[in-house]
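The values are calculated or read from the model by the stated rules, or taken from the named source; none is laboratory data. Owing to the predicted nature of the structure, the values given are computational and were not obtained by experimental measurement. Neighbour counts are summed over all protein chains in view; Cβ atoms, including those assigned to glycine, are modelled from backbone coordinates with ideal geometry. These area figures cover heavy atoms from the full protein model, side chains too; ligands, DNA and RNA do not enter into them. Shrake-Rupley method; radii C 1.70, N 1.55, O 1.52, S 1.80 Å.
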Amino acid sequence: MRFSIIMPVYNVEKYLETAVNSVLTQTFGDFELILVEDASPDNCAALCDSLAENDKRIKVIHNTVNSGLGGARNTGFKTATGEFVLYMDSDDTITPNTLEVLNREVTDFDITVFGVNRLFEDKNGKTYKTEKLTPTPFVTNNIKEIGQLLIELNKAGVFPFAWNKVYKREFLNKTGCEFENTKLIEDFLYNIQLFQKSEKINVIDKCLYNYRKPAHQTLANSYSPEFLELSKRKFVLEKELLENTGCATEENLQFIYYVFIKHLISYFVRNRA
């Protein structure tokens with residue numbers, strides 16, 4: 001098995017079939033799709049089972065208690081058998097040739113990073129704008145380059161996400177890294193661990209993942225009481241990575257300081273009395 005695609009499923013009855021079909025219609029067919037139905041309150045459980053009946057490449061796991069995004073991903077990974085692992089959100093899609101492109105790119109790397117199509121939707125669910133987040137191609141097998149790669153991927157807007165990366169399963173097993181059940185930055189925490197443990201990373205400039213950004217999804221309603229503490233944690237981890245890889249230049253430090261201060265200002269503005 002070449003690829004294992006892990007898709008947590010929770011309260012996405014409206015989008016699930018479209019997401020699943022974007023996988024089943026891939027031009028490259030050597031994959032398994034693992035649907036982790038995370039005690040969803042809607043009709044997702046029955047829909048997952050129905051989809052699996054029609055395609056043997058689909059495996060369904062039903063959680064009796066909601067475990068959150070990170071927990072569902074960890075559960076799915078435990079059953080994965082593919083050489084390489086991808087994570088998908090169940091309200092997004094991938095382009096038809098995603099696996100075909102990645103199959104040519106992933107073999108020699110622990111992590112392969114690719115670009116994202118960000119789809120902005122109006123209140124009726126219609127896409128009115130597409131923004132491409134395209135990283136610059138890059139290959140590294142040198143730990144000292146990882147810090148600079150962190151900066152470049154952050155500038156391109158593609159570092160934090162788990163769903164625009166392919167991970168070698170053997171590498172994930174060796175590191176023992178798992179997703180935390182935090183809010184907002186679980187993907188970042190996962191990636192910053194893995195990047196520091198990786199020996200070979202590949203970045204390609206193909207935008208293969210379609211990320212939906214609904215009209216109601218704004219920075220304001222993504223905030224939580226944990227936001228300030230998580231922002232501090234994110235900044236400290238970035239700074240440590242830059243220092244550990246010899247990339248703590250004035251320019252790079254200024255960049256992460258700027259992002260951190262911007263988050264602080266946003267936090268206080270949105271939580272003012």
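If I require 24 Å or longer along the helix axis, counting alpha carbons, and a Kyte-Doolittle average no lower than 1.6, what helices from the chain are left? Use full DSSP H segments. Before the final figure, lay out each step's value.
Values: long enough: 227-244 (25 Å, -0.32); 250-270 (30 Å, 0.36).
Flagged H segments: there are none.
What distance in nm separates the simple spin-label points at residue 39 and residue 126, each placed 7 Å from Cα in the Cβ direction?
My value for the distance between the label points is 4.0 nm.
Shape verdict for the stretch 98-224, please, from the Cα gyration tensor: rounded (a/c under 1.5), prolate (a/b greater than b/c) or oblate. Intermediate results must be reported in sequence, preceding the final value.
Working: a/c = 2.01, a/b = 1.50, b/c = 1.34.
It comes out prolate by the Cα gyration axes.
Quick one: the Cα spread of the chain along its three principal axes, in angstroms, biggest first?
Each principal axis gives a Cα extent; for the chain these are 56, 50, 36 Å.
List, in order, the whole-Hz ³J(HN,Hα) value for each residue of the stretch 121-133 obtained from phi through the Karplus relation with A = 6.51, B = -1.76, C = 1.60 and θ = phi - 60°; use x for Gly and Pro.
My calculation for the stretch 121-133 gives 10, 7, 5, 9, x, 8, 6, 10, 7, 10, 10, 8, 9 Hz in order.
Evaluate the relative contact order of the chain (contact order divided by residue number), counting alpha-carbon pairs under 8 angstrom at least 6 apart; express in whole percent.
Working: 504 pairs, mean separation 56.9, N = 273.
Relative contact order here is 21 percent.
Round to a whole number: what % of the accessible area of the chain belongs to carbon and sulfur, probe 1.4 Å?
Details: 6560 of 13160 Å².
It is 50 percent, rounded to a whole number.
Rolling a 1.4 Å sphere over the protein heavy atoms, what is the accessible area per residue of the chain, to the nearest Å²?
Details: 13160 Å² over 273 residues.
Result: 48 Å² per residue.
How large is the convex hull of the Cα atoms of the stretch 228-270 per residue, expressed in Å³ as a whole number? Don't jump to the answer; show the numbers that get you there.
Details: hull volume 1.8 nm³, N = 43.
So the per-residue hull volume is 41 Å³.
Going toward the positive end of the dipole of the chain, with +1 on Lys and Arg Cβ and -1 on Asp and Glu Cβ, which of 157, 77, 47 do you reach last?
Of 157, 77, 47, it is 157.
Would you calculate, for the chain, the mean residue ellipticity at 222 nm contributed by helices, counting each DSSP H stretch of 4 or more residues as -39,500 (n - 2.57) and dividing by all residues, to the nearest 500?
Values: 9 runs with 107 residues, N = 273.
Counting only the DSSP helices, I get -12000 deg cm²/dmol.
Could you work out which residue, out of 56, 213, 165, moves most in a Gaussian network model of the chain, that is, has the largest mean-square fluctuation with Cα springs under 10 Å?
Of 56, 213, 165, the most mobile in the Gaussian network model is 56.
Please state the shape class of the stretch 74-165: rounded when a/c is under 1.5, otherwise prolate if a/b exceeds b/c and oblate if not, all from the C-alpha gyration tensor. List each step's numbers first, then the result.
Values: a/c = 1.95, a/b = 1.26, b/c = 1.55.
Verdict is oblate for the stretch 74-165.
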